[in-house]
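Chemist: Input: one structure, supplied below.
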Amino acid sequence: MTTVHNLGFPRIGAKRELKFALESYWKGESSRDALKGLGAELRKRHWDNQAGLDLVPVGDFAFYDQVLDMSFTLGNLPERVSGFQGDQLDNYFRVARGRSAQSAAEHRSCCGGVAAGEMTKWFDTNYHYIVPEFTAATEFKLDASRLLEQLAEARKQGVKAKPVIVGPVTYLALGKAKDDSNKLALLPALLVAYAQLLNALAAQGVEWVQVDEPILVTELHADWQHAFNLAYHELKACPVKLLVATYFGQLQENLYLAANLPVAGLHIDAINGDDDIRPVLNLLSGHKVLSLGVINGRNIWKTDLTAVLEWLEPLAERLGDKLWIAPSCSLLHVPVDLDSEQKLDAEITSWLAYAVQKLDELQVLAQALRAGRDSVKEALAANQAALAARRSSPRVNNPAVQQAIAEIDAGLGARKSSYPTRAAEQAALLKLPAYPTTTIGSFPQTAEIRHARSQFKAGTLNEADYKAAMQAEIARSVHEQEALGLDVLVHGEAERNDMVEYFGEQLDGYAFSQFGWVQSYGSRCVKPPILFGDISRPRAMTVEWISYAQSLTSKPMKGMLTGPVTILNWSFVRDDQPRSVSCKQLALAIRAEVLDLEKAGVSVIQIDEAALREGLPLRKAQWKKYLDWAVESFRITANGVDDRTQIHTHMCYSEFNDIIASIADMDADVITIETSRSDMELLDAFDNFNYPNQIGPGVYDIHSPNIPTQEHIEQLMKKAAERIPASRLWVNPDCGLKTRQWAEVLPALTNMVAAAKALRQAA
Ligand SMILES: Nc1nc2c(c(=O)[nH]1)N[C@@H](CNc1ccc(C(=O)N[C@@H](CCC(=O)N[C@@H](CCC(=O)N[C@@H](CCC(=O)O)C(=O)O)C(=O)O)C(=O)O)cc1)CN2
Ligand SMILES: [Zn+2]
């Protein structure tokens, strides 16, 4: 009989209960016990949601991040927090969020400020984890209490528990050696802690442990492949069965390695890695469990259950009780429950499945495998009907858009003149000083702004009053920027809930949900809009707001747009056409907005491509294809403008070495990037490539509440000028300021502007 299980459940809560509880605790408005109680309540509710599965994940809950949980379990804390005397949970948040010296002083805490742990993307998702830190001196010391407590909790509730942990090789591979030592040297010590952990679980009578090793779907160096063998031969002695879980892609050349690890089972992603299934069947020895991820854990569409059964039934026949089925990956990356939605269009709702519904689908499949398709006849018929309706819906297909895509030619993506000609014309028009200063777009999204928007959406604030409230915020940011003496201003993005969702809400072919929240990091969530049909732009989306902002100042006002690749990568996208086609449709829509802004007299337009790099496939072999259509989409969006219009783009990451040629190919007049934390060393990529256009290397980290000093900013810019000619440098923060407070933003930007003025004088 097929076993049905789940790899992980979203923890934020259907109504983002965890987010609100965390933020209230951090603000000192509620107690630690209240927060812990809410955690227990969420775990209980989520296990209830998974009732009916044969095995339910335990340990997938985290107050901030599952990788950080693993660091605490392994006793691998950064040196800077090791002296902390207070509560363990508070120390956990110190690693996650850092603590400013100022706030430490205000709270009379024993220690000064601590830097937050670095955050980075979890594989190719929009989820961010806290990077484990290693040095040659790192020691591990098991603290299994979190897992053991949650295990006991689950059992009390009658849950058939399967503890979930990040596997040792993935944990090591994702961490960072702070002293450039070889991380792999730590493997033996790490394995001791893992073995203790597995033994502790075994002592509680645990049968199966899920060990997540998604690093197996990436290209692995020989020593890392070797590390896998070493690790699992070492852990073989522990008296628990290990299910090594891989997801997000194909195992390919690592398939032999994965299939031959001395463990009891292997989970593979049968959505993104379906080419692996046939070879794995031949490689996997008969006593091992093969878990297939047959429901997509990365999107919100209903699964074609009949199509899955077509290929799954023969496998079930062949594998018998060695076949397990599950979602492709943890359901962390999808929203919780479709039944929460009250306003989503009924037709579109009928095409969707969130986490709870995906588990229902899994149960239908299991039932069909166990008792035949007839036993779930109605469910299968309803599923077929929904899919057929989606396929033929006139709302999905728009012939005019398809026609426009067919007519795209190379001319569409080319500027009229080359960069030097444009730069001269733009300089004559804009008359900017050396080291021009600007910001990346957003100013603080205050509680008042969010409250006004939530009232507007609820219908308790009318449109005119909402508009007036947002205009007042825009006016406030324009005045602050003028007072600060910035050179190129922004309107501040007050009217935007999110840089992607805002555009999704206004484009045809998109639906947006009320409760489709997905955790991005810690308490921060995003609500990816749902791209379901051909995309078009019924009307201008930003022109009125930008024109209003421009009317308040004689300084240049940057028009602010999100680019097609980023909109695509941060949306739930269609599974019925290639991503590249959806991207080009978005490109044409945003291009029209660019041209409307230009027509309205906006002479600087920024097109954010914050997610261009993270869209890179996990395997390098597929990079070129992606970069080709991504860059073409950007060019189509940006390059229809006149030579005098200055195009900016922004990317909030810094590792450009691999993709610098594509970045140059985008041909933006100015690119602003994140560099402050790397001490400008990441500009080397631009330097080595002789990147020809202008660059604004970020001079301060917006993730931190710390205020950068003028001196530090000057120093960074001097380092930048060693790499890029000063005449092509801008001065700006690393990214937008929406998560900061005005009290932090004003002194930081004051110092930034002062630094730019000092640099001009010195020049
Ligand atoms: N899509 C996307 N992906 C991204 C980023 C990004 O900006 N967008 N940035 C990086 C990740 N960084 C992030 C930084 C901040 C937030 C963030 O602040 N998210 C907000 C939600 C933003 C939002 O949609 N806000 C809405 C809803 C606000 C809200 O929660 N309102 C309350 C009501 C408040 C009230 O009445 O007072 C409610 O609905 O209950 C709005 O402004 O309209 C949050 O979690 O709090 C998310 C990701 C990478 N990936
Ligand atoms: Zn950014």
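The values are calculated or read from the model by the stated rules, or taken from the named source; none is laboratory data. Remember, it's a predicted structure, so these values are computed and weren't measured experimentally. Counting neighbours? That spans all protein chains shown, and the Cβs are built from the backbone with ideal geometry, glycine included. Only protein heavy atoms, including side chains, enter the accessible area calculation; ligands, DNA and RNA are left aside. Shrake-Rupley method; radii C 1.70, N 1.55, O 1.52, S 1.80 Å.
Chemist: Could you tell me the number of lysine pairs in segment 155-292 with C-alpha atoms less than 30 Å from each other, where the two lysines are 8 or more residues apart or belong to different chains?
Modeler: Taking segment 155-292 as the scope, the lysine pair count is 17.
Chemist: Just reorder Glu714, Glu593, Glu681 by solvent-accessible area, largest first, 1.4 Å probe, all chains present.
Modeler: Ranking Glu714, Glu593, Glu681 by accessible area, largest first, yields Glu681, Glu714, Glu593.
Chemist: Beta carbons within 10 angstrom, averaged per residue: use that to sort the peptides 155-163, 745-753, highest first.
Modeler: In descending order of packing, they fall as 745-753, 155-163.
Chemist: Further, regarding this structure: Under Stokes-Einstein, with the Kirkwood radius over Cα pairs standing in for Rh, what whole-number D in µm²/s applies to segment 581-687 at 20 °C and 1.002 mPa s? Can you show the working numbers first?
Modeler: Working: Rh = 14.6 Å.
Rounded to a whole number, D works out at 147 µm²/s.
Chemist: Please find the FRET efficiency linking His233 to Ser145, where r is the Cβ-Cβ separation and R0 is fixed at 22 Å, and quote it to the nearest 0.05.
Modeler: 0.20
Chemist: Can you compute the charge dipole magnitude of segment 652-691 about its Cα centre, using +1 on each Lys and Arg Cβ and -1 on each Asp and Glu Cβ, nothing else charged? Give it in debye, rounded to the nearest 20.
Modeler: Charge dipole, segment 652-691, about its Cα centre: 80 debye, nearest 20.
Chemist: Now for a separate question. Shape verdict for segment 363-518, please, from the Cα gyration tensor: rounded (a/c under 1.5), prolate (a/b greater than b/c) or oblate. List each step's numbers first, then the result.
Modeler: Values: a/c = 3.07, a/b = 1.66, b/c = 1.85.
Cα axes put segment 363-518 in the oblate bin.
Chemist: Next question, about the same structure. Counting just the Cα atoms, what span does segment 529-638 cover along each of its three principal axes? Round to the nearest Å and put the largest first.
Modeler: 49, 27, 20
Chemist: If the only charges are +1 at each Lys and Arg Cβ and -1 at each Asp and Glu Cβ, what is the size of the charge dipole of segment 337-482 around the Cα centre, to the nearest 20 debye?
Modeler: That gives segment 337-482 a dipole magnitude of about 380 debye.
Chemist: Here's something else I'd like to know. Please go through segment 326-413 and write out the trypsin sites (Lys or Arg not before Pro) that DSSP classes as loop and that have at most 15 other C-beta atoms within 10 Å.
Modeler: Lys343, Arg395
Chemist: Quickly work out the Arg728-to-His221 label distance, labels modelled 7 Å from Cα along the C-beta direction, and quote it in nm with one decimal.
Modeler: So the two model labels end up 3.2 nm from each other.
Chemist: Also, quick follow-up: If you take the beta carbon distance between Ala346 and Glu79 as r and set R0 to 41 Å, what does 1/(1 + (r/R0)^6) give as a FRET efficiency, to the nearest 0.05?
Modeler: Using R0 = 41 Å, I get an efficiency of 0.15.
Chemist: Relative to the longest principal Cα axis of the chain, at what angle does helix 355-371 sit, 0 to 90 degrees, rounded to 10?
Modeler: On a 0 to 90 degree scale, this one is about 30.
Chemist: If the label point is 7 Å along Cα→Cβ of Arg539, which residues in segment 439-473 have backbone nitrogen under 16 Å from it?
Modeler: Zone members listed by number: 463-468.
Chemist: In debye, nearest 20: dipole of the chain around its Cα centre with unit charges on the Cβ of K, R (+) and D, E (-)? Could you put the intermediate results ahead of the total?
Modeler: Details: 78 positive and 94 negative charges, 128 e Å.
With Lys and Arg at +1 and Asp and Glu at -1, about 620 debye.
Chemist: When only Cα pairs under 8 Å and 6 or more residues apart are kept, what is the percent relative contact order across the chain?
Modeler: With pairs under 8 Å counted, the relative contact order is 12 percent.
Chemist: Can you give me the orientation-averaged projected area of the convex hull built on the Cα atoms of segment 308-353, in nm²? Walk me through the numbers on the way to the answer.
Modeler: Details: hull surface 19.3 nm².
Here the figure is 4.8 nm², rounded to one decimal.
Chemist: Work out the count of Lys pairs in segment 429-570 where the Cα-Cα distance is under 16 Å, with the pair 8 or more places apart or on different chains.
Modeler: On the way: Lys431/Lys555; Lys431/Lys558; Lys457/Lys467; Lys457/Lys527.
For segment 429-570, qualifying lysine pairs total 4.
Chemist: Just to check, using Stokes-Einstein with a Kirkwood Rh over alpha carbon pairs, what's the diffusion coefficient of segment 578-628 at 37 °C and 0.692 mPa s in µm²/s?
Modeler: 255
Chemist: Quick check: Cα centre of segment 609-671 to Cα centre of segment 443-501, how many Å?
Modeler: 29
Chemist: Would you list the P(r) distribution for segment 627-744, with all Cα-Cα distances sorted into 10 Å bins from 0 and each bin expressed as a whole %?
Modeler: Pair shares across the bins are 13, 44, 31, 11, 0.
Chemist: Using 7 Å Cα-to-Cβ label points, what is the Ala600/Ser375 separation (nm, one decimal)?
Modeler: 6.0
Chemist: Helix 742-762 sits at what angle to the longest principal axis of the chain, using alpha carbons and giving 0 to 90 degrees rounded to 10?
Modeler: 50
Chemist: Sticking with this structure for a sec: With 45 Å as the cut-off, how large is the P(r) tail for the chain, expressed as percent of Cα-Cα pairs?
Modeler: 24
Chemist: In square nanometres and to one decimal, what's the mean projected area of the convex hull around the Cα atoms of segment 285-422?
Modeler: 14.6
Chemist: Continuing with this model, one more query. Radius of gyration and Dmax for segment 142-276's Cα atoms, expressed in Å?
Modeler: Just the Cα atoms of segment 142-276 yield Rg and Dmax of 15.2, 47 Å.
Chemist: While we're looking at this one, here's another question. First measure r as the distance between the Cβ atoms of Asn657 and Lys757, then evaluate 1/(1 + (r/R0)^6) with R0 = 30 Å and state the FRET efficiency to the nearest 0.05. Show your work: numbers first, answer last.
Modeler: Numbers: r = 33 Å, r/R0 = 1.09.
It comes out at approximately 0.40.
Chemist: Given His479, Ser418, Tyr466, which one lies farthest toward the positive end of the charge dipole of segment 415-486, if we put +1 on the Cβ of every Lys and Arg and -1 on the Cβ of every Asp and Glu?
Modeler: Toward the positive end, the furthest listed residue is Ser418.
Chemist: Kindly express, to the nearest 10 degrees and within the range 0 to 90, the angle between helix 32-49's C-alpha long axis and the longest C-alpha principal axis of the chain.
Modeler: The angle comes out at about 60 degrees.
Chemist: Starting from the Cα of Asp54, step 7 Å along the direction of its Cβ; do the same at Ala388; then give the gap between the two resulting points in nm.
Modeler: Result: 3.3 nm between the two label points.
Chemist: Multiplying the sequence separation of Ala307 and Phe20 by 0.36 nm and subtracting their Cα-Cα distance, what value in nm do you get?
Modeler: Values: separation 287, 0.36 × 287 = 103.32 nm, distance 4.03 nm.
Net length gain for the segment: 99.3 nm.
Chemist: Shape call for segment 221-368 from the C-alpha gyration tensor, a ≥ b ≥ c root eigenvalues: rounded (a/c under 1.5), prolate (a/b greater than b/c) or oblate?
Modeler: Numbers: a/c = 2.31, a/b = 1.84, b/c = 1.26.
Taking the square roots of the gyration eigenvalues as a ≥ b ≥ c, segment 221-368 is prolate.
Chemist: Between Asp274 and Asp321, what length comes free when the chain is fully extended (0.36 nm per residue of separation minus the Cα-Cα distance, one decimal in nm)?
Modeler: Between Asp274 and Asp321, full extension yields 14.9 nm more.
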